[in-house]
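Below is one structure; the comments refer to it alone.
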Amino acid sequence: MLFLIAWRNLWRHPARSLAIIASVALGVWAGAFIISLYYGMGNERVRIAIEQEVSHLQVHHPKFREDHDVAFNFDLDSMDAVLRNTPGLKAFSLRTICHGMLANVTGSNGVQINGVEPEAENATRGLKSFVINGAYFEAGKKNQVLVGKKLADKMKLAPGGKIVLTFQDIEQNITSGAFRIAGIYETANAPLDELNVYVRRDDFNNLLNTPGRGTEAAVLLSGEAELPAALAALRQRLPGLEVEDWRAVSPETALVMTSLDITSVIIIAIILLALAFGIINTMLMAVLERTREIGMLMAVGMTKTRLFGMVVLETLLLTLVGCPVGFTLAWAVNTWLSKTGIDVTAFAGNVMKGFGYGAVIYPDLPDDKVWLILRIVFVTALVASVFPAWKALKLRPAEAIRR
Amino acid sequence: MPVIDVHNVSKIYNPETIPVYAVNNVHLHLERGEFTALVGPSGSGKTTLLNIIGGLDAPTEGQVVINGTDITRLTPNQLIQFRLHNIGFVFQSFNLIPVLTARENVEFIMLLQGAPKAERERRVNELMAAVGLSDKMDVRPAQLSGGQQQRVAVARALASKPQFILADEPTANLDSHSATNLLDMMAQLNRDEGMTFIFSTHDARVIERARRVITLVDGSIASDTASVDVAAGHK
């Protein structure tokens, strides 16, 4: 019957209760929407990182990533054979990577030179689709290079133009090669576009004096679900080499997702903290205007525990009734936006690219975040009920009845 | 053996500054089956004494022994349980729970006592019939007249099977007809079922029906008159 009393008490002042219920619903929706927006951005960042930057897995000599020295390499044929015979891999690209200097008549810029096999690279990270000017490695032409748009803009580079790449070969000799620009590419990550240039691996290996050798194998899988099995299989098949997933290769990307969890709690907590004061105010009014009734309940034998429980129950109902409304609203908006996306190109496109995010956000609300919001709402209601319930307990029945 | 034994009870407000004696050294015994009125002018201490007897207020001095239990020595939780199982209350302003129906208001006390559902239903039906409101079971208090609400309050007070009922100005908010009906019903319950009623009142209609009238003046008992004397006094 306590539940019945609490529920009916809610509707003594329908307008007042509905105002709080609507506030909670809007708060839940706002929280859910902001979280889904963040997760949408986070998912997009991870997708871009995997599909356009680091792939699901990378294989290197254990010392290669310390300073990108081409001396730490592996045999390309052996690696190719192992990867071809490992089930579950969608595509892979074997690269030779070295840091160097790009120079033209305008000036010079530090770059990471990626020696790639064009077809494999395109299959692994769709590099061809990002070419916005010129061509993606013309057949039969040697010493071609792809440069990123940001670098091209900075150094006034254009397809057909010549540049010189300078780097250290395997014997630590300073070596230079003249390359003609085949095309300009642009990905969602402008800083990486400025840093990375792409040449044919064979051309690069000839200059490095590392024929048949590579320094990085990037592996694309069908999805995240295949990652643990593929990681385990490659670690077993490639002893002596370091096999890492995208989280290890790109810890800053992994950090984005980790920080989203913390951010989610903080956002919801802030929204509900503001709501908590409204809830406390409403419940305090409800308790104070029922002083005589509460006095009577205590007089006839209602224990303090039950009285406390009644006020807490009433607060929980008042708060939790708004949740389904908020979640339904969030679900409806998210379903719509997850199809159309939110295009922020007009006002934040360049900023988003500057940090490696896509300009179209597809909101995503993970199931565990729904439960997180529900838990925080529940705790907020509990906390908000303590003060009004305490006020009720402080009433003295003999005085309360006569008010 | 008296059902209620009040030993030298005083209630003093501001005892260390300007002491005000709301109840001053009251000593009285109330027997089972009494139909007693505490009367006196406003501020004479009758409600305070009623609250002390009902365990709603603690005396500054003295003891209140009900069926051998000194309720002034009980902890707050023990006192709540004692009230729940031993004392029925009827208040001046009815004080029904507005969001519950008449039936639910009566049943509520038995729920607090932990009575099984079948017993609750049987007793609610009995009590609502006894107060003449069997046809108003599923009506909320706001849809009942003052007299009907007070009848539901009496049914609620009886629901816990109390030792006695304390009624604080039960007729104060009722019209003459409703007050007479209510008093008739209470008198019948007293006569037929031996239920003890103790009223705090200055309503002449209640005083007329009471078989014992205790008059308080400035917190002290000025007179304690039995029914024969009361009747004689009114003739």
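Values quoted throughout were computed directly from the atomic coordinates according to the rules given, and no laboratory measurement underlies them. In this text, all values refer to a predicted model and were calculated from it rather than measured experimentally. For neighbour counting, all protein chains shown are included, and Cβ atoms are generated from backbone atoms with ideal geometry for every residue, glycine included.
Here are the numbers:
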{"read-out": "Per-residue ³J(HN,Hα) for the stretch B:39-49, Karplus 6.51 cos²θ - 1.76 cosθ + 1.60, θ = phi - 60°, Hz, x for Gly and Pro", "value": "10, x, x, 4, x, 7, x, 5, 5, 4, 5"}
{"read-out": "Candidate lysines - alpha carbon under 21 Å from residue A:369, same-chain residues fewer than 8 apart omitted", "value": "A:339"}
{"read-out": "Binned Cα-Cα distance frequencies in the stretch B:102-223 - 5 Å width, integer %", "value": "2, 11, 21, 22, 19, 12, 7, 4, 2, 0"}
{"read-out": "Förster-model FRET efficiency, 22 Å R0, residue B:187 and residue A:403, C-beta, rounded to 0.05", "value": "0.10"}
{"read-out": "Residue A:345-residue B:118 pseudo-label distance in nm [points 7 Å out on the Cα-to-Cβ vector]", "value": "7.6 nm"}
{"read-out": "Charge dipole (the stretch A:329-403, unit charges on Cβ, about Cα centre) - positive-most of A:359, A:377, A:334", "value": "A:377"}
{"read-out": "Spin-label model distance (nm) - residue A:153 vs residue A:333, 7 Å beyond Cα toward Cβ", "value": "3.2 nm"}
{"read-out": "Proximal aspartates and glutamates relative to residue A:150, as straight alpha-carbon distance under 12 Å, when same-chain residues fewer than 8 apart are discounted", "value": "A:186, A:193, A:194"}
{"read-out": "Cα extents of the stretch A:57-222 along the three principal axes, largest first (Å)", "value": "46, 36, 30"}
{"read-out": "Distant alpha-carbon pairs in the protein assembly as shown (separation over 34 angstrom), percent", "value": "62 percent"}
{"read-out": "Residues listed by number, the stretch A:209-232, amide nitrogen under 11 Å from residue A:248 label point at 7 Å toward C-beta", "value": "A:231-232"}
{"read-out": "Environment charge at residue A:212 (Cβ cut-off 13 Å; Lys +1, Arg +1, Asp -1, Glu -1)", "value": "-3"}
{"read-out": "Eligible lysines near residue A:154 by straight Cα distance, threshold 19 Å, same-chain separation 8 or greater", "value": "A:162, A:353"}
{"read-out": "Label point at residue B:20 placed 7 Å out along Cα→Cβ; residues across the stretch A:387-403 whose backbone nitrogen lies under 19 Å", "value": "A:396-403"}
{"read-out": "Neighbour-count ranking [beta-carbon atoms within 10 angstrom, fewest first] of A:55, A:176, A:23", "value": "A:176, A:23, A:55"}
{"read-out": "Cα-Cα P(r), the stretch A:319-403, percent of pairs per 5 Å interval", "value": "3, 11, 12, 12, 11, 11, 10, 8, 6, 5, 4, 3, 3, 1"}
{"read-out": "Largest to smallest principal axis extent of the C-alpha atoms in chain B, angstrom", "value": "51, 46, 35"}
{"read-out": "Calculated from backbone phi, Karplus (6.51, -1.76, 1.60) coupling profile of the stretch A:246-254 in Hz, x at Gly/Pro", "value": "4, 5, 7, 5, 10, x, 5, 6, 4"}
{"read-out": "Cα centroid separation, the stretch B:92-111 to the stretch A:58-98 (Å)", "value": "80 Å"}
{"read-out": "Residue pairs, from the table B:136/B:161; A:394/B:11; A:63/A:141, whose Cα atoms sit over 25 Å apart", "value": "A:63/A:141"}
{"read-out": "Amide H contacts of residue B:3 (H built 1.01 Å from N, under 5 Å, at least 5 apart or other chain)", "value": "B:30, B:31, B:32"}
{"read-out": "Where labels lie 7 Å past Cα in the beta-carbon direction, separation of residue B:8 and residue A:63 in nm", "value": "10.0 nm"}
{"read-out": "Taking N as its residue count, the alpha carbon Rg of the stretch A:1-147 over 2.2 N^0.38 Å", "value": "1.89"}
{"read-out": "Interchain or long-range residues, amide H under 5 Å from residue A:175's placed H", "value": "A:167, A:168, A:169"}
{"read-out": "Size of electric dipole in the stretch A:57-222: Cβ of Lys, Arg +1 and of Asp, Glu -1, about Cα centre, debye, nearest 20", "value": "460 debye"}
{"read-out": "Pairwise FRET efficiency - residue A:374 versus residue A:51, Cβ, R0 = 25 Å, nearest 0.05", "value": "0.15"}
{"read-out": "q = 0.15, 0.18, 0.24 Å⁻¹: log10 I(q)/I(0) that the Debye formula gives for the stretch A:166-205, counting C-alpha atoms only", "value": "-0.49, -0.67, -0.96"}
{"read-out": "Under the Karplus curve 6.51 cos²θ - 1.76 cosθ + 1.60, θ = phi - 60°, whole-Hz ³J(HN,Hα) for the stretch B:118-129, x wherever Gly or Pro sits", "value": "4, 5, 4, 5, 4, 6, 4, 4, 4, 5, 5, 5"}
{"read-out": "For a label point 7 Å along the Cα-to-beta-carbon line of residue A:123, residues of the stretch A:68-87 with backbone N under 15 Å", "value": "A:77, A:79-87"}
{"read-out": "0 to 90° range, to nearest 10: angle between helix B:176-193 axis and chain B longest Cα axis", "value": "90 degrees"}
{"read-out": "Alpha-carbon Rg with Dmax, taken over the stretch B:182-222, Å", "value": "11.6, 35"}
{"read-out": "Residues whose placed amide H lies under 5 Å from that of residue A:213, excluding near-sequence neighbours", "value": "A:76"}
{"read-out": "Compactness of the stretch B:141-189, expressed as Rg and Dmax over alpha-carbon positions, Å", "value": "10.6, 31"}
